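Structure first, commentary second.
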Amino acid sequence: MGRPLTITEKIIQSHTDANTVAPGDIVNARVDIALGNDITAPIAIKEFEAIGIGEVFDRKKIALVPDHFVPNKDILSAKQAKMVREFAKKFDIENYFECGEAGVEHALLPEKGVVLPGDLVVGADSHTCTYGALGAFATGVGSTDLAYAFAFGELWLKVPESIKVIFEGKPKKWVSGKDLVLYLIGKIGVEGANYMALEFAGSTFKHLGMSDRFTISNMAIEAGAKSGIFEPDEITEDYVKGRAKRDYIFYKSDEGAEYAKVLNFNTESINLQVAFPHLPENSVDISEASSKNIKIDQSVIGSCTNGRIEDLRIAAEILKGKKIAKYSRLIVIPATPDIYRMAEKEGLIDIFMDAGGIVSTPTCGPCLGGYMGILADGERAISSTNRNFKGRMGDVTSEVYLANPAVCAASAILGKIAGPDEVV
Amino acid sequence: MIFSGKVFKFGDNIDTDAIIPARYLNDSSEENLRKHCMEDADATFSSKVSKGDFIVAGNNFGCGSSREHAPIAIKASGVPVVIAKSFARIFYRNSFNIGLFILEADTDGMDNGDMLEVDTDTGEIKNKTKNTVVKAKPIPKFMAELVNAGGLIAYAKKKIKEGKK
Ligand code: SF4
């Protein structure tokens with residue numbers, strides 16, 4: 001028996017020719033899926049052409065999701081989307097998603113079974129780490145990296161150290177994956193896991209669903225992490241079966257695997273969280289946030305973090321039969337067309353519209369300050385997205401507060417930052 | 001290589017939205033990215049920076065998005081080296097891939113307008129204004145090879161050529 005390995009080390013090792021790997025090793029890893037979007041793929045395509053290899057490594061292992069500025073927000077965005085489309089056509093890329101099928105990439109690819117447990121995924125998008133929720137090693141890279149992966153089907157990676165994060169106990173009412181991850185980032189800071197893999201474990205995750213795991217893995221990058229992984233279990237299996245069109249592997253960390261750190265949290269004492277501008281680490285309990293009487297102009301519910309059907313259901317539960325505050329906006333963005341359709345069938349769209357909100361077609365939209373809800377100078381939003389950097393959603397003097405969909409919905413009703421218990 | 005120029009100093013956690021705001025990402029041309037480089041951290045940066053100047057920052061420079069537009073914008077501004085106490089992972093990787101030097105060093109003694117002389121081979125950073133010398137952390141061997149090869153694409157081309165022989 002060799003050195004006991006973490007799940008992350010095992011997945012990386014299984015994608016190399018090495019017999020074992022250790023943190024710090026630089027390896028050439030084979031990739032199962034290489035992902036780009038309408039912003040990052042154009043640069044990758046140019047670089048791919050510069051390599052001059054002529055063929056992509058595998059048309060089935062590339063995913064292209066135009067989601068950031070699509071449906072095209074202006075002529076320049078249309079050109080970028082066109083470039084991605086032309087590339088997809090030329091190489092007959094299997095997982096290219098045209099406008100009507102596309103949604104926010106990190107919600108879409110798991111939903112469609114494109115990314116699976118045990119995969120090694122690289123994506124030219126920092127939130128590629130979302131797929132760690134499935135028990136995959138998934139990490140964000142740049143466009144040049146993506147070009148290299150398109151050409152050779154492999155990429156250099158440094159094997160990361162792992163931090164094990166254990167949440168024990170049942171979450172309080174309304175407390176979700178978003179609150180746990182904001183709480184964690186508040187504790188360890190935006191650089192707290194820089195270059196490292198976060199590995200999540202504990203009894204709490206038996207009480208929460210896949211969507212909460214996606215939210216948590218999604219925000220691993222907000223602590224600087226390379227990836228954020230969960231050991232797959234029966235909850236993963238339930239999600240994956242019926243979606244997967246190829247084999248997948250459940251890896252588990254070995255007994256005695258080494259961690260740079262082990263962090264233990266008691267979930268029962270964690271409250272709803274709100275992260276203040278301009279860093280995700282500025283998280284505080286809802287009681288503190290609410291007591292400050294922070295007026296909001298806009299509430300956004302969507303994104304790869306919290307735009308799944310479970311999120312919309314929670315928001316609808318709070319908004320049902322209520323109206324949002326006068327002179328405020330509520331923008332709901334189902335993350336994928338399937339989610340949109342489900343929300344429609346379940347009557348959620350009506351609830352949002354009756355409350356005075358609008359429902360957008362799937363897109364990243366305002367999350368990165370693209371379009372579909374940009375903030376003016378001095379405006380303030382509460383958002384279920386993942387970043388509250390200065391100017392992230394619009395003017396450089398605007399502010400973004402991060403929270404879960406329940407808090408975003410309650411805040412929309414009161415026109416100020418508030419918890420769901422204040423409205424239901 | 002040795003570079004000299006003046007310091008543009010920034011604080012901690014300069015994120016990629018500050019380096020190149022998303023509103024400009026509908027055009028990945030170097031000229032567009034250069035024009036808006038650092039705009040949300042210092043709106044006057046692109047008009048003041050000269051070829052050879054340095055961006056110097058605190059912790060966690062380049063955190064946030066994976067957009068390679070960020071190091072491209074910096075390189076297109078004529079900045080050859082970014083010096084910070086620490087870098088976010090994807091920014092670090094992107095910089096080496098496109099051939100922008102990144103040095104990790106104690107930047108507390110470097111202020112706006114200081115003249116530096118930076119040797120990327122030895123990691124020695126001379127502050128000629130303050131007459132001090134700081135040593136940067138050595139660049140990992142693999143990364144140095146990558147930059148010396150001219151970045152990842154040049155490395156890839158070499159790989160194809162060797163394969164075809
Ligand atoms: S929803 Fe926001 S964080 Fe997610 S991929 Fe889109 S822009 Fe990035």
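The values are calculated or read from the model by the stated rules, or taken from the named source; none is laboratory data. Here the structure is a predicted model, which means the values were calculated and not measured. For neighbour counting, all protein chains shown are included, and Cβ atoms are generated from backbone atoms with ideal geometry for every residue, glycine included. Note: areas computed on protein heavy atoms with side chains; ligands, DNA, RNA excluded. Shrake-Rupley method; radii C 1.70, N 1.55, O 1.52, S 1.80 Å.
When the other protein chains are added to the chain by itself, burial of at least 10 square angstrom of heavy-atom accessible area (probe 1.4 Å, ligands and nucleic acids ignored) affects these residues of the range B:33-77: B:ASP40, B:ASN59, B:ASN60, B:CYS63, B:GLY64, B:SER65, B:SER66, B:ARG67, B:GLU68, B:HIS69, B:ILE72.
The Cα center of the range A:389-407 and the Cα center of the range B:8-45 differ in position by 18 Å.
Computed with a 1.4 angstrom probe on protein heavy atoms, the A-B interface buries about 3700 square angstrom of accessible area in total. Shielding of peptide A:77-83 by partners, expressed as the average count of other chain Cβ atoms within 10 Å per residue Cβ, is 2.
Solvent-accessible area of the range A:106-146 (1.4 angstrom probe, protein heavy atoms only): carbon and sulfur portion equals 40 percent. Count Lys and Arg as plus one, Asp and Glu as minus one, and take only other residues whose Cβ is under 12 Å from that of A:GLY378; the net charge is then -3.
Which of the three applies to the range B:20-165, rounded, prolate or oblate, going by the alpha-carbon gyration tensor with a ≥ b ≥ c and a/c under 1.5 meaning rounded? It comes out oblate by the Cα gyration axes.
Counting Cβ atoms of other protein chains within 10 Å of each residue's Cβ and taking the mean over peptide A:389-401 gives 4. Distance between the 7 Å Cα→Cβ label points at B:ASN131 and A:SER203: 6.6 nm. If you take the Cα centroid of the range A:30-79 and the Cα centroid of the range A:103-134, the two points sit 15 Å apart.
Solvent-accessible area per residue in the range A:270-401 equals 37 Å², computed with a 1.4 angstrom probe and all protein chains kept. With a simple spin-label model that places each label point 7 Å from the Cα along the Cα-to-Cβ direction, the separation between A:MET342 and B:ASP121 comes to 6.0 nm. Rounded to the nearest 10 degrees, the angle from helix A:309-319 to the longest Cα principal axis of chain A is 10 degrees. When peptides A:191-202, A:340-351, A:359-370, A:150-161 are sorted by average Cβ neighbour count within 10 Å, with the highest value leading, the order is A:359-370, A:191-202, A:150-161, A:340-351. Interface residues of the range A:158-203, defined as those losing at least 40 Å² of solvent-accessible heavy-atom surface relative to the isolated chain (probe radius 1.4 Å), are listed as A:GLU191, A:TYR195. Pairs spanning more than 18 Å between alpha-carbon atoms, out of A:LYS326/A:LYS416; B:LYS6/B:LYS51; B:LYS141/B:LYS161; A:LYS164/A:LYS226; A:LYS46/A:LYS73: B:LYS141/B:LYS161; A:LYS46/A:LYS73. Taking 14 Å as the straight-line reach from the Cα of A:LYS178, the aspartates and glutamates in range (excluding those fewer than 8 positions away in the same chain) are A:ASP212, A:GLU222, A:GLU281, A:ASP285, A:GLU310, A:ASP311.
When each of the peptides A:325-334, B:81-90, A:34-43, B:130-139 is scored by the mean number of other C-beta atoms lying within 10 Å of its residues, the order from highest to lowest reads A:34-43, B:81-90, A:325-334, B:130-139. Angle of helix A:41-51 to the longest C-alpha principal axis of chain A, folded into 0 to 90 degrees and rounded to 10: 20°.
Sorting A:230-240, A:78-88 by their mean Cβ neighbour count within 10 Å, with the most densely packed peptide first, gives A:78-88, A:230-240. Solvent-accessible surface of the range B:10-143, averaged per residue with a 1.4 angstrom probe and all protein chains in place: 35 square angstrom. Interface residues of the range A:27-65, defined as those with an accessible-area decrease of at least 30 Å² between the chain by itself and the complete set of protein chains (probe 1.4 Å), are A:ILE39, A:ILE43, A:ALA50, A:ILE51. Estimated from the Cβ-Cβ distance and a Förster radius of 51 angstrom, the FRET efficiency linking A:MET353 and A:ALA260 is about 0.60.
Annotation: extensible slack from A:GLU49 through A:ARG246 equals 67.9 nm (criterion: 0.36 nm per residue apart, minus Cα-Cα distance).
Summarise the partner chain shielding of B:90-97 as one whole number: the mean count of Cβ atoms from other chains within 10 Å of each residue's Cβ.
6
Could you do me a favour and compute the accessible area per residue for the range A:118-259, 1.4 Å probe, result in Å²?
Dividing the accessible area of the range A:118-259 by its residue count gives 28 Å².
Put the Cα centre of the range A:211-271 next to the Cα centre of the range A:278-339 and the gap is 25 Å. Compared with the dominant principal axis of the Cα atoms in chain A, helix A:405-414 is inclined by about 20°. Fraction of C-alpha pairs exceeding 41 angstrom in chain A: 11 percent, rounded to a whole number. Considering only protein heavy atoms and a probe of 1.4 Å, how much of the accessible area of the range B:11-97 is carbon and sulfur, as a whole percent? Roughly 46 percent, rounded to a whole number. Just the protein heavy atoms count here, and of the accessible area of the range A:266-412 at 1.4 Å, carbon and sulfur take up 51 percent.
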